[in-house]
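Notes follow the structure.
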Amino acid sequence: PPRERAKLITYVPQSSYPEFAFTIEEFVELGTYATRGDVGEALKKVGLWERRREYITNLSGGEYQLALIARAIAQGSDVILLDEPTSHLDINHALQAMGLLRELSGEKITIAVLHDLNLALRYADRLILLHRGEKRWEGKPEKLEPGVLEEVYGVKAKIAEVDGHRVILPELAKV
């Protein structure tokens, strides 16, 4: 049943935009019907507690993504599935969201679909590279090699270390 499933797994969609003028607090509370989770604690964790009485429709895309993550936290399930949690976000909000998800991964199983391999290299414990819906490579981020990127995505790239973090530097496309 959906209520039981909601206690186990939380899903955060790629992009959905609020169509009703709920307050941020009410919006997060919508995710707790199965569990009666702690909305206040979730809002504090994502930095939206002070704005909880504002309308969700007034948030930027990055702030809205944080509200979605707060709703997932408040749901209280052991597994959080996220589809492109950083899509349409500026770099500040993308890093904030990924840092928050990294923190959550210590408490819950956190699985995210990402197209930004540099964010994946920096924040993930494990990578699975897909091509046309098929798993083509799996392993720890530190084991990813340039040849894999060329094999899976057809992209020549170098993987360098900058300030202790591995980064992918793709070869520029010829125009």
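Throughout, read-outs are computed from the coordinates displayed, never taken from laboratory work. The structure displayed is predicted, hence computed values, not measured ones. Reconstructed Cβ throughout: ideal geometry from the backbone, glycine too, with neighbour counts over all protein chains shown.
For R136, the residues whose amide H sits under 5 Å from its own are L129, L130, H131, ignoring neighbours fewer than 5 places away on the same chain, with H placed 1.01 Å from N. Where only DSSP H runs of four or more residues are counted, the chain gives -10500 deg cm²/dmol as its mean residue ellipticity at 222 nm, each run worth -39500 (n - 2.57).
Here's how it looks for L82: its modeled amide H is under 5 Å from those of V12, I111, A112, V113, which are all 5 or more places away or on a different chain.
Taking the alpha carbon gyration tensor of the chain, multiplying each eigenvalue by 5 and rooting it gives semi-axes of 33, 18, 14 Å, largest first.
For the listed residue pairs K7/K44; K7/K140; K7/K108; K143/K174; K7/K135; K44/K140, the alpha carbons are over 23 angstrom apart in K7/K140; K143/K174; K7/K135; K44/K140.
Ranked by the mean number of other Cβ atoms within 10 Å of their residues, highest first, the peptides 165-175, 135-145, 77-87 fall in the order 77-87, 135-145, 165-175. Give the average over all directions of the projected area of the C-alpha convex hull of the stretch 23-102, one decimal, in nm². It is 4.9 nm². Packing order of peptides 146-155, 109-118, highest average first: 109-118, 146-155 (average count of other Cβ atoms within 10 Å over each peptide's residues).
Taking the centroid of alpha carbons for each part, the stretch 39-68 and the stretch 152-175 are 35 Å apart. DSSP finds beta bridges in the stretch 2-115, and of those with both partners inside it, around 10 percent are antiparallel.
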